[in-house]
Amino acid sequence: MSTVKMHLLVCGGTGCVSSYSPQVAESLIKELEAHGLQDECKVVKTGCFGFCEQGPIVKVIPDNTFYTKVAPEDAKEIIEEHIIKGRKVDRLLYTDPKKQEHVPDSKHMEFYKKQIRIALRNCGFIDPENIEEAIARDAYSALGKCLTELTPQEVIDIIKKSGLRGRGGGGFPTGIKWEIAAKNASDQKYVVCNADEGDPGAFMDRSVLEGDPHSVLEAMAICGYCIGANKGLIYIRAEYPLAIKRLKIAIKQAMEYGVLGDDIFGTGFSFHIELRYGAGAFVCGEETALIHSMEGQRGEPTVKPPFPAEAGYLGKPTNVNNVETFANVPPIILKGAEWFSSIGTERSKGTKVFALAGKINNVGLIEVPMGITLREVIFEIGGGIKNGKKFKAVQTGGPSGGCLTETHLDTPIDFDNLLAAGSMMGSGGMIVMDEDDCMVSIAKFFLEFTVEESCGKCSPCRIGNKRLYEILDKITQGKGTMEDLELLRNLSEVIKDTSLCGLGQSSPNPVLSTLTNFWDEYVEHVTEKKCRAGQCTALKKYIIDEEACVGCTACARACPVNAISGERKMPHNINQDICIKCGACYEKCKFNAIFIK
Amino acid sequence: MSSIHIKLKDKDCQTIKEICESFNNDPGELINILHKAQEHFGYLPAEVQETIAQNLNISVAKVYGVVTFYSFFSMTPKGKHPISVCTGTACYVRGAEKVLEELKKELKISVGETTPDGKFSLSCLRCVGACGLAPVVMIGDKTYGRVAPEDVKKIIEEYNS
Amino acid sequence: MSLINIKINGKELQVEEGTTILQAAKKVGIEIPTLCYMNLHDLNIEHNPGGCRICVVEVEGRRNLAPSCVTKVWEGMSVKTHTMRVLNARRTVMELILSDHPFECLTCAKNGNCDLQKLAQDLGVREIHYQGEQSTYKEDKSPAIIRDMDKCIMCRRCETMCNDVQTCGVLSGINRGFTAVVAPAFEQDLIKSPCTFCGQCVAVCPTGALTERDYTNRVIRALADPTKTVIVQTAPAVRVALGEEFGLPAGTIVTGKMVAALRRLGFDKVYDTDFAADLTIMEEGTEFLDRLSRYLNGDKNVKLPILTSCCPGWVNFFEYNFPDMRDIPSTAKSPQQMFGAIAKTYLAEKLGVKRENLVVVSVMPCLAKKYEAEREEFRVDGNPDVDFSISTRELAHLIKQTIGDIKDLPDEDFDKLMGESTGAGVIFGNTGGVIEAACRTAYEIYTGKTLEKVEFHQLRGFESVRSAVVDFDGLKLNIGIAHGLGNARKLLECIRNGECEFHAIEIMACPGGCIGGGGQPLHHGNTEILKARAAAIYKEDEGKALRKSHENPEIIKLYEEFLGKPSSEKAHHLLHTKYFDKKKRIYIEK
């Protein structure tokens, strides 16, 4: 151990693994061995660094050099230049998009400057398959402190005081949730970790489980101690094979080290954790649906009350929290409620992990203090809009959230502000859109998702969302009327007002927020039959510029429906009634004589 | 329409029995059991569902109700090279739909179908979490990132030689 | 139980803890419309998935509307049931439901008797603003039940009846979202599923999604055919329920008017299934006494308890679910089939009509009877003993189409030969009735004494599983009774595990017995109707001069002239059947 002078951290998150980071790690090890440096420099496969856009990432410790887009072939150069000669490989360093300069280390990267990492504290630092590395960074010491120094109520009080709210969407105060579950007497209780991350475009839970599984296991045990449960269940998406693998390894190692299992630390407290697999149903993120799914049923939600804290899994009091919420618990215990509540805003404490994606330069996973503005996130951390395009909207909260505009850029992000702006924190997806994105189509995209994911139990969600989708589709086809816009609003409001569970109660948000913030765009689609983003195919008009057309007939020959007429060497014309907007003429024209309106 | 009597081989029935027993024949473990069965058979044909129902002593209608609820479970065999297109939001705004259209055209099948030669099947999934690589296509365990519609032909060809 | 103070529409009231808003509102005379909700309180069946969202109300302090059928009141709760916000929500939800429902009201079997139709009217829906794709499914026509799932509104009542009450496990919610629907496994037809055709799903379906297979057209064709002699038999439970279809109060006995109506419809003879019920007692009672005396004489191989076998839904149930116990039920056919077998032999000869020209129609409170009539074993050279079985509802339709009403018809008597019956035959319609009828006859035969008091009150009632002791002059007989197939299952598992010792058990598939059958006028969730029918059955029994099956003069004559004695070879051939193991029937449709 003492001989190790340097570490090469290779990102082992799903994003980087997909772009061959395991091969990069292998090559690095081979090169080190070839130079006999294996005892001085260690290669560690860690969890996600968050900077997925530029993966695979290799970080050199202790100098924090941050290499991006590393290929297996680059290993030789990294070892020979950097490790042996101490010269950074310039071409692999991250380039700041604004300054167009190479950044020597992660500390100087805009991407990391404003981040505060609590939930992600160990992601990208430890080998998640090695419990010793986690323990070296204080894993299970919070559990030890709880079991030996604090009563369950004292722990609950700390969590309550910290102001931690559920990170899965609703934002319910975690401490109060635990307290209710603790007060319901029962011979058996359960702690459930909701890892059924189904929001399309959010992957923070997976990253935590892949990068730091022990933080979740530890927090579940702490929760079990507080509410009086000795069994924990992790409901995880079957589509997350890497997270499942690492969780299994982590549980096994934790049992071997006696930090999970029977009589933990000799205190008499026992806690066992099992995995349950989701099977591809977004609605199972709703806690009653999740519980039914764990019971082997269709994942249909049931009316609350009774809440899971009264009658949950197998009818027993059950506390359900999501992955990120749990990951916040051990640091709160170790550093205190005051430390945690000093971060964030009045009613939203701590940090939030966001999955930053879409038309943004730095796609990735970030953890920022509550209260940071959208502008800071998008333009500083995110590095601004891709290809120098103009910012148009940011969608937060996934299918339950809404689209925010430029006017919201300086709003501090927290649970209440997002809700007031017509969106939601949700699980933390943040998708940035530019001028090429049609907001009607975006609303339609989310409704298509909801229609597919609605469980079908209650009529407003089952039929109402389908009708919302159909009206939106009609508008993108250029067949919408102003009455349709009225109907959209009424229907959205009734669906929100009458649906059984959170899915239906929030599914119209993408429609309502775009109706409010992009009303003109809707009206344009309806009255002018125009899509300003040029995304709605049916509204595209291919027109021949008579000046530029030389009458070569190439377009007419390419047209599959014979919509183009004109004499040879004379300007041609497209019959808009026949045109199917396939774009074949546009591609064929060598004289740039066809344009899209 | 004719009714035919498909029988599972004794060996297959035994496998299902063992899977169910490994979960104590507990109907509460139905979803885990279905996962295991699908892992083994590649899909969940009616006969497998019938046999699971018998072992767990629950109605086959219930098993079918669960199978049809979850998109992960399939009653049709997947292709030798299952292709999944991520249609999460990040991939959507970066053009996943166009890639999907191209795949449909190239393979001449719709989503949820398998090519007649059994080689490819096409499905959509929501966010594999590789948003940095959007749009993403997975073929088997291999991930293709930043796929453009033009790349589709070349990618398919890798598997056709 | 503590009392809770709440306010509904400004009105203050006190209700018990645990009361729902819906129940509380009812107490002060406020009706909140419901659709998926169903409460059969006398049968302990409550179905409140909170799925349709029609019954939503405003609760002060709550962000969204609350479903009143499942939301329990709390101290200080203030509810508003009919605000504009609520009305708009209800109407919009109704429009949504209708937007996914075919506009076939004019030709729908439920036209005029449809909960959805009535509610749409009540809510004032005149226009459907939200048009779009409608769900379509293939129609499933079994001999007894037609499933037209295009009309399904996902209230899931049928699922509750099939799975929780009847424990048949045929139906389940399948798929999800817009394509979600209730169906048998693999969306196969009912005939390929373990459906018992009890028809309880049909009885509770609020729309035309589940209806009986209508045979009235075939009956009309037979009646119009001059070469056919068409006769009809009517089951005991029909006469106490038919009147409801014509606006008479539940429990009105319309036997005479029903006979008159059937004659006017053109049936050549109008007979009574009650006659065949008496015949069933003769055969089943004899079989019981035979098994009992062998048992008392120490025969270890004899199967006791004996189980009744006159309910075809129940027969289907044990053939699917308990085939290993299929030698326990009596081999006696059901009254419907006994009637058919005798009609096409004894009666045909008496009437001088060839078997193939005699058409036997039955009017039944039941849908499983339709399936039973089609069973292979109840045919001779392809010709069925019972040609068509129609339900009480179908008969009412037929009468409405032709005569219009029954109220003004005179009371007429059944025809002779197979029209006489005793009170014992009548009570077959109630849960506990068959076993009581059997006791009346078995007692006298076993003891050789006259039974002075014919009513066995210990066998009566609505409790789902009952047991009673009947004293046969010192011999104490343990009798078990179950109605509803879920209760039957409990009793059968009890027997299989050797946990209970009965001599005889009566089982009826439908809650309440035949009076609550799947072919009866719809009770729309009002179980008072079932109680009124049950009371009428006992009243009809009391009014009969003869109340023991073996005293029926036409039965006596039948044995003298044709069958010999009960359980004779001829009786066995015509009046007994056998059961099949249908458990391992796995069909995969390709």
Open item on the list: Can you show me the helix-derived [θ] at 222 nm for the protein assembly as shown, built from DSSP H runs with n ≥ 4 at -39,500 (n - 2.57) apiece and divided by the number of residues, rounded to the nearest 500.
Closed with: -10000 deg cm²/dmol
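Per-residue mean of other chain beta-carbon atoms within 10 angstrom of the beta-carbon, peptide A:193-203? Could you put the intermediate results ahead of the total?
Values: counts 0, 0, 0, 0, 3, 3, 4, 11, 12, 6, 7.
The per-residue average across the peptide is 4.
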Task: Kirkwood-type radius of the protein assembly as shown, with distances r between different C-alpha atoms, in Å - done: 35.2
Task: Cβ-Cβ FRET estimate between A:Ser341 and A:Phe265, R0 fixed at 30 Å, reported to 0.05 - done: 0.60
Open item on the list: Let me confirm one metric for peptide C:89-96, namely the mean number of other chain beta-carbon atoms within 10 Å of its residues' beta-carbons.
Closed with: 6
- [ ] Using amide H atoms built 1.01 Å from N in the peptide plane, name the residues 5+ places from A:Cys403, or on other chains, whose amide H lies under 5 Å from its own.
- [x] A:Ser513, A:Thr514
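Rounded, prolate or oblate: which one fits region C:1-85, using the alpha carbon gyration tensor with axes a ≥ b ≥ c (rounded when a/c is under 1.5, else prolate when a/b beats b/c, else oblate)? Don't jump to the answer; show the numbers that get you there.
Numbers: a/c = 1.74, a/b = 1.15, b/c = 1.51.
Taking the square roots of the gyration eigenvalues as a ≥ b ≥ c, region C:1-85 is oblate.
Please list A:71-84, C:251-264 highest first by mean number of surrounding beta-carbon atoms within 10 Å per residue. Kindly include the intermediate steps, with their values, before the conclusion.
Numbers: A:71-84: 17.6, C:251-264: 21.3.
My ranking of the peptides, most packed first, is C:251-264, A:71-84.
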Open item on the list: Can you work out the Karplus-derived ³J(HN,Hα) for every residue in region C:419-424? Use 6.51 cos²θ - 1.76 cosθ + 1.60 with θ = phi - 60°, whole Hz, and x for glycine or proline.
Closed with: x, 7, 8, 10, x, 5
Task: Under Karplus coefficients 6.51, -1.76 and 1.60, residue-wise ³J(HN,Hα) of region A:156-166 in Hz, glycine/proline x - done: 4, 4, 5, 5, 4, 5, 5, x, 5, 10, x
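From the Cα gyration tensor of chain A, with a ≥ b ≥ c the square roots of its eigenvalues, which class applies: rounded if a/c is under 1.5, or else prolate if a/b is larger than b/c, or else oblate?
Numbers: a/c = 2.34, a/b = 1.35, b/c = 1.74.
It is oblate, given that a/c is not under 1.5 and a/b is not larger than b/c.
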TODO: Taking amide H positions as placed in the peptide plane 1.01 Å from N, state which residues far from C:His576 in sequence (5 or more) or on other chains have amide H under 5 Å from it.
DONE: C:Lys333
Task: Amide N proximity, region C:530-564 versus C:His457 label position 7 Å along Cα-to-Cβ, cut-off under 16 Å - done: C:535, C:538-539, C:542
- [ ] Return the distance in nm (one decimal) between the two label points of a simple spin-label model at C:Lys476 and C:Lys557, each offset 7 Å from Cα along Cα→Cβ.
- [x] 4.4
- [ ] Arrange the following residues from fewest to most other Cβ atoms within 10 Å of their Cβ: B:Met75, C:Met418.
- [x] B:Met75, C:Met418
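Tell me whether region A:121-266 comes out rounded, prolate or oblate; compute the Cα gyration tensor, take square roots of the eigenvalues as a ≥ b ≥ c, and use a/c under 1.5 as the rounded threshold. Working shown, then result.
Numbers: a/c = 1.61, a/b = 1.19, b/c = 1.36.
Oblate.
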TODO: Please list, or write none, the aspartates and glutamates whose alpha carbon is within less than 12 Å of the alpha carbon of C:Lys557, excluding same-chain residues fewer than 8 places away.
DONE: C:Glu420
Open item on the list: Give the average, rounded to an integer, of partner chain Cβ atoms located within 10 angstrom of each Cβ in B:88-101.
Closed with: 6
Open item on the list: Cut-off is 10 Å between beta-carbons; in what order do C:Ser99, A:Ser348, C:Ser549 appear when sorted fewest neighbours first?
Closed with: C:Ser99, A:Ser348, C:Ser549
Task: Residue-by-residue Karplus 3J(HN,Hα) for region A:205-222, coefficients 6.51, -1.76, 1.60, Hz, glycine and proline x - done: 5, 4, 5, 5, 5, 6, x, 7, x, 5, 5, 6, 4, 4, 5, 5, 5, 4
- [ ] Apply 1/(1 + (r/R0)^6) to the Cβ-Cβ distance of C:Asp225 and C:Lys570, taking R0 = 35 Å, and write down the FRET efficiency to the nearest 0.05.
- [x] 0.70
- [ ] Give me the percent of DSSP beta bridges within chain C that run antiparallel, rounded to the nearest 5.
- [x] 60
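Sort A:566-574, C:19-27 for me by packing, meaning the mean count of neighbouring Cβ atoms within 10 Å per residue, highest on top. Don't skip to the end; give the middle numbers.
Values: A:566-574: 14.7, C:19-27: 20.3.
Descending mean neighbour count gives C:19-27, A:566-574.
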Task: Amide hydrogen neighbours beyond the local backbone of A:Gly344, cut-off 5 Å, H modeled - done: A:Gly350, A:Met370
Task: Cut-off 16 Å (backbone N to label point 7 Å along Cα→Cβ of A:Asp545), residues of region A:575-597 - done: A:586-597
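Using a Förster radius of 41 Å, what is the FRET efficiency between B:Lys98 and A:Thr553 based on their Cβ-Cβ separation? Nearest 0.05, please. Each step should come with its number before you reach the end.
On the way: r = 28 Å, r/R0 = 0.69.
Taking R0 as 41 Å, the efficiency between B:Lys98 and A:Thr553 is 0.90.
Please sort A:232-242, A:6-16, C:81-91, C:466-476 by packing, taking for each peptide the average over its residues of neighbouring beta carbons within 10 angstrom, highest first.
On the way: A:232-242: 21.8, A:6-16: 26.0, C:81-91: 17.2, C:466-476: 13.8.
Per-residue Cβ counts within 10 Å, averaged per peptide and sorted highest first, yield A:6-16, A:232-242, C:81-91, C:466-476.
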Open item on the list: With a cut-off of 8 Å between alpha carbons and a minimum separation of six or more residues, what is the relative contact order of chain A in percent?
Closed with: 11
Open item on the list: If I stretch the segment between A:Ala34 and A:His272 completely, what's the gain in nm (0.36 nm per residue apart, minus their alpha carbon distance), one decimal?
Closed with: 81.3 nm
Task: Approximate spin-label separation C:Phe103-B:Lys7, in nm, with each point projected 7 Å along Cα-to-Cβ - done: 5.4
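How would C:Tyr137, A:Tyr112, B:Tyr92 line up from fewest to most surrounding beta-carbon atoms within 10 angstrom?
Details: C:Tyr137 16, A:Tyr112 19, B:Tyr92 26.
The fewest-first ordering by Cβ neighbours comes to C:Tyr137, A:Tyr112, B:Tyr92.
The numbers here are math on the coordinates, done by the rules we state, and not lab data. In this text, all values refer to a predicted model and were calculated from it rather than measured experimentally. Neighbour counts are summed over all protein chains in view; Cβ atoms, including those assigned to glycine, are modelled from backbone coordinates with ideal geometry.
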